[in-house]
Amino acid sequence: MMLLLIALAHSRMLHAGGNSLTTPAGGGPVDVAVQWLLTSFVDGRSAPLFGLLFGYGLVQMTRRLTGPDGDPAGARRLIRRRGAWLVVFGIAHVVLLYAGDVIGAYGAFAVMFAGAVTWPGRRLWVVTAITLAIGALAIALLQMVAGPDTPLAVGPTLLDSAALRAMALPVLPISALSVAPSVLLGVWAGRLRPLEDPGYTPLLRRVALIGFPVAVLGAQPVALQAMGVWTPDSTGIGVLAVVVFGVTGIAGGLAFMAVIALVAGRIGDRRGPVTTALVACGRRSMTFYIAQSPVWLIMTEPSLLDLGGRLGAAAAAAVAVATWVVTVVIADLLGRAGRRGPAETLLRYLTYRDRSRHLGVARS
């Protein structure tokens, strides 16, 4: 389901709002309503969900590797190795397909903060607060420097576009810091195991009931600008609106995680064809995150369809939903055939090959 939210968030490059959260997409009442819904519930709210699940997964991986007689230092080395390969994947994704990659940012986080999975609780919360402040500052600076008219990273040819996208790679460490708060909260959640323990159902309900209102209310200063019904009186107020939007997005990510966990708990083992297909897509999430990018490339490149900024918000969202549905169908076919996603297969091979070799030497 996270991949659907990400596809919807990326669809903004197809309408007039483009890279700017506050620029109206125009169109009729349906387009305005869709833009309000996406700005209030999806933009800046789906990415934190990605971070939360990434952090949760780091804890699960560490737990499997350490165990009663495990090697915590070895687990940290493995996290860094996996993170380094994610950075490589992310760089390739940016240069070849899509400027808004997040794989590299999460890989950079794993390299920089591999030890976070074993930090004491106090240190975890302090670093979360610091990185949240840094992220808010980065959002403010980006808003002041870039402004509302930042164009898409496209050039007259595919090679020109690749060069433009590559220019964003030096900010990868800053991107890692911007995703750090949600990932660190995911680490904290991974320690509690609320997604696995039914005893946390009341907590998940409270998170959903509090998280969504906070996220939606925090989005309104930006959403109202996107609808064209409010304009800030000064640059400072406009920047503050974007900062509030970014910070409260984490509450939306937590709420989405809680709702999905509650629904999954109600479904249990009663999996129909739709649930089975969604599970198959989730198990191949990196493959089908990357698989969305050729759609954005083909639709936005001036040398191809050149539809960037030309669709209404509703039509752009429909393209996102259709793209996601196709990836779910393909994932289901792979699942029925018993095949892993190609990106997961390659990442697993690159991450664990040295470890397997070392284990083989030790056994011999």
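Checking the a/c ratio against 1.5 first, then a/b against b/c, what shape does the Cα gyration tensor give for the range 191-249? Present the calculation step by step, with values, prior to reporting the outcome.
Values: a/c = 5.04, a/b = 3.02, b/c = 1.67.
Prolate.
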- Rounded to whole angstrom, the alpha-carbon centroid of the range 156-171 lies from that of the range 71-142 at a distance of 22 Å
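With only Lys, Arg, Asp and Glu charged, each at its Cβ (+1 for the first two, -1 for the last two), find how big the charge dipole of the chain is about the Cα centre; round to the nearest 20 debye.
Numbers: 30 positive and 16 negative charges, 355 e Å.
Approximately 1700 debye in magnitude.
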- Bounding extents of the range 98-192 in its principal axis frame from Cα atoms, largest first in Å, are 51, 26, 19
- Item | Using distinct alpha-carbon pairs, which all enter the 1/r mean, Kirkwood radius of the chain in Å | 21.4 Å
- For the range 260-356, what ratio Rg/Rh do Cα atoms give with a Kirkwood hydrodynamic radius? 1.08
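Just want to confirm a number: the relative contact order over the chain, from Cα pairs under 8 angstrom separated by 6+ residues, in percent.
Working: 513 pairs, mean separation 113.7, N = 364.
Value for the chain: 31 percent.
Bear in mind that the values in this text are calculations on the coordinates, not laboratory data. As the structure is a computational prediction, the values presented were derived from the model and not from experiment. All Cβ positions, glycine included, derive from the backbone under ideal geometry; neighbour counts span all protein chains shown.
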